[in-house]
Structures are given as structure tokens and as C-alpha cells.
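Right, one structure below, let's go through it.
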Amino acid sequence: MKIRDIKGYEFIDSRGNPTVAAKAVLDDNTSALAIVPSGASTGKFEACELRDNDADRYFGKGTLRAVENINEVISSLLIGDEAYDQAAIDDKMIRCDATENKSRLGANAILAVSLSVARAAAKSLKLPLYRYLGGSVKMTAPVPMMNILNGGAHAANNIDIQEFMIMPVTCKSFKERLRVCSEIYHTLGRLLKAEGLSCGVGDEGGFAPDLDNDSYALEFLVKAIEKSGYNTESVKIALDAASSEWYDNGAYKMPKRGTEFDYKGLTEYYEELLSKYPIISIEDGLGETDFEGWKYMTEKLGKRIQLVGDDLFVTDEKRLEEGIKNGSGNAILIKPNQIGTLSQTLSVIRFAQKHGYKTIVSHRSGDTEDSFIADIAVGMNSEQIKTGAPQRSERTAKYNRLLLIESELEAF
Ligand code: PGA
Ligand code: ZN
């Protein structure tokens, strides 16, 4: 099945900033659209998101150059190629770009095309996308790592830890997991309101009140779990510190509170939180260049909890390989736009699974109605998915897609 046409578009994301979409059309007239997301606390080793830097449009954030690269370069490169051969398509774009970080064509342009071709190919074969990606293996829906309280770069409050998430670890179905999380989310809102705190939300839909300290935030989460009729055996807590944002020259300086740590001090701080709260996962506990710190933290905490590398690994197989050798972390966050093609995304998931690292497929803080990551999570049997609060349509698009997939899997 040949690719007949590819078109790029400048769309907007959930923060109202431009992003890139692509539509692929195949010879049998099947067509499919994919829209790429955009991060705020981006890792420094991520593939390049090409922006126009034209101050007259969208404060320099326009994506017309990336769109032009789709319409002028990538489309003629791929028209006539086999749509079912995703690896060849992605490889051709990588070679045409010919830079380390996809900065010539833009990872936003390349990924939009990569995803749209896969979606069109699945549609043309009349296969659900998750099946097209994962093949004929047993598939189950993931456990959500649901962000219900926002801080860091995603909220205008005084909290430095970026994400406080809940994980319903004992529910049997995704449908149940979503219900439990949503009930806890609403209870948290009521508890905050009762204390006269703000119920406004951050970029990923979690509440974003000002709170005296991190422990106070964690106590609110535990209270919300218990008041909803659950307990901390069945619902656990996960954090994303996003601490690369605090890291400067060997020191961690929390920008909002002004607290300062070295990697040992920060690891001790996490240990203290672990001893008091049902935390089972910490993401980016240390910075993206602090391999020494990561090794230390993994030795200290790696047997007790999940330590997730996001900015550390940036969905890059080479960085993950380095991390594995160095004993850094035991899990990897998977964000397709950090690496820029579908094939590389699936490949790093397989690599992580082979080496006993857990995988968590993730949205970005600036996201869209595109639900592609839900299909990746199921198709690749990723244990977990991170896609924000149970509100804001760019987040619920993924949850609703997972509900649909689960019902299809049950009927299968
Ligand atoms: P980002 O945040 O999309 O702003 O990078 C998500 C995360 O850090 O996990
Ligand atoms: Zn993160």
C-alpha cells in the first residue's frame, strides 16, 4: 500500500501554542491525521522541536517552517513508498534530516508524519492501531499514573515538585482504575476548597494551590484517597520531581522555595518522604546530567521504589543503554516527541523491557486531542501510562481511548 500524499498543518496545543499535524493519504484513499504534543520542562537531550522564531507570530513559537518541511521536503521524499514499512519510512526521514537531534526538518515535523502514516496504515488494514503496533500478543490496559496536583513549570503556585500522582494498583480493569482516580481527584478538589485553597488547575489538569510544603501536598493526597473510601494499600502515590529544572552546577536549587540540596541531600529528602507516605515511584528525582547522583540514588532507593528517567533518558535507546550500564534508575518514561519517530519509540520500549526496565508511556504538558499514546501503551504492553488529570479534553482523549480499547480487548 503506497503513500499517495502527505500534508502538514500548523495546529495549536492545549496551552494555545502552535504545534504540528500531518495527514497521510494512501493509495486506497485511506487517510489519517496525527498531531504532536509539546513539553514545558523539556530535557536538554530531546530531539529538536523546530520553531519559527518569528517574533511577529505566536511570540516566535510558530511552526510554519516545520510544516513547510513536511509539504516541501518530506512529502516528496515519501510519496510512492510502502506505508506498511514503518521502519523504512522513519529511517528515510532520519537520513534525510541527517542531524543528531532532527534539527533540520524538525522532530515535530518528522513525528507528525511518522504517526500519521502508521495510523493510516492501520486503518487501511482495518486493524485497531494498538494491534497494528503490537501484533498478535496478549494485551492489557495500563495503570494510570494520574497527576492530580501540579507544581513546578506546570503551575503558577509555590510548589517545586512538578507532579503529584495517584496509582490505583489493585483494580482489575482500566475502567475501575479510571473511576477510582476520578473520585479521588474530585475529593481532593473538595478538600482544597474546604480549606479555602485554590481549585484552579495546572497545565495537566491537576489542582495547583499554594501549599506550605511538599508534605502538606502529600497529606492532601492521602486524605483524598481515604475520604474517597480507598486506602493506601490499593492506591499509591507517584512523584515527578522534574529536578533537571533545579539542577545547576552540581547543586539542586528549588526555584520556588529556595531550598538547596546536593544529590545525597536530595536522596535523603526522598527517603524521608518515602518513610511517611505511600510513594512507589519517583521520576527525574535527579538531573539529566547527574549520572553520579543517579547511580547513588538507585543504590539507595532502587530496590524499594520505581525510579523513572524522563529528562535523563529522553526516550533515547543510547542514553538508556548508558543508564543501564551506570545503574541509573529502573524505569523509563516514553515520550514519542522526545526522540521524533514511532519506530525509535517502539524500539526503546522493547529495549527497556528486555533489560527489565519498566516503561511508562507519557503525554506532554502541552498536548492535543490526539490519543496515539494510548494505543502505544496497550500495543506494547507498557505497564503504566501518564496522561494527566481526568479532565481537559486533551487528557480525557487518552483515557476515553483506553476505555474503548479495553472494551474491544474484552470482546476479543
Ligand atoms: P513536560 O512535562 O511535557 O512539560 O516535559 C512532563 C514530564 O516532565 O513528565
Ligand atoms: Zn517528567
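The values are calculated or read from the model by the stated rules, or taken from the named source; none is laboratory data. On a predicted model such as this, the values are computed, not experimentally measured, just so you know. Cβ coordinates were reconstructed from backbone atoms using ideal geometry, including for glycine residues, and neighbour counts include every protein chain displayed.
What to note about this one:
- Search result, residues across the range 296-330 that are over 13 Å from residue 45 (Cα atoms), more than 13 Å from the chain's Cα centre (by Cα) and either surrounded by 23 or more Cβ atoms within 10 Å (Cβ to Cβ) or within 15 Å of ligand 1 (Cβ to nearest atom) (or both): 297, 306, 307, 323, 328, 329
- Residue in the range 122-145 that is surrounded by the fewest Cβ atoms within 10 Å (Cβ to Cβ), counting only those that are touching a Ser or Thr at 6+ places or on another chain (Cβ under 8 Å) and not in a loop (DSSP other than H, G, I, E, B): 123
- If you go through the range 340-384 and keep only what is surrounded by 24 or more Cβ atoms within 10 Å (Cβ to Cβ), more than 26 Å from residue 95 (Cα to Cα), away from ligand 2 (no atom under 16 Å from the Cβ) and among the β-branched types (Val, Ile, Thr), you end up with just 378.
- Out of 299, 292, 283, 271, one residue alone is of a type in the set (D, E, K, R) and within 11 Å of ligand 2 (Cβ to nearest atom). It is 283.
- Residue match in the range 173-181 (condition: more than 25 Å from residue 382 (Cα to Cα), touching a helix residue (DSSP H, G or I) at 6+ places or on another chain (Cβ under 9 Å) and touching a residue at least 24 places away in the same chain (Cβ under 8 Å)): no
- Checked against (1) at pLDDT 95 or above; (2) at negative phi; (3) more than 16 Å from ligand 1 (Cβ to nearest atom), residue 356 meets all criteria but (2).
- Residue in the range 209-216 that is assigned to a loop (DSSP other than H, G, I, E, B), in contact (Cβ under 8 Å) with a residue 12 or more places away in the chain, surrounded by 15 or more Cβ atoms within 10 Å (Cβ to Cβ) and hydrophobic (A, V, I, L, M, F, W, C) present: yes
- Flag if residue 161 is part of a loop (DSSP other than H, G, I, E, B), among the hydrophobic types (A, V, I, L, M, F, W, C), touching a residue at least 40 places away in the same chain (Cβ under 8 Å) and within 16 Å of ligand 1 (Cβ to nearest atom): yes
- Summed over the range 217-245, residues that are under 17 Å from residue 311 (Cβ atoms), modelled with pLDDT of 95 or more and either surrounded by fewer than 14 Cβ atoms within 10 Å (Cβ to Cβ) or not hydroxyl-bearing (Ser, Thr, Tyr) (or both) total 5.
- Qualifying residue in the range 371-392 (condition: within 14 Å of ligand 1 (Cβ to nearest atom) and in a helix (DSSP H, G or I)): yes
- Candidates are the residues of the range 13-65 that are acidic (Asp, Glu) and under 29 Å from residue 247 (Cβ atoms); the one that is surrounded by the most Cβ atoms within 10 Å (Cβ to Cβ) is 49.
- Residue 194 vs. criteria away from ligand 1 (no atom under 16 Å from the Cβ), within 30 Å of residue 219 (Cα to Cα) and either among the aliphatic types (A, V, I, L, M) or surrounded by 23 or more Cβ atoms within 10 Å (Cβ to Cβ) (or both): yes
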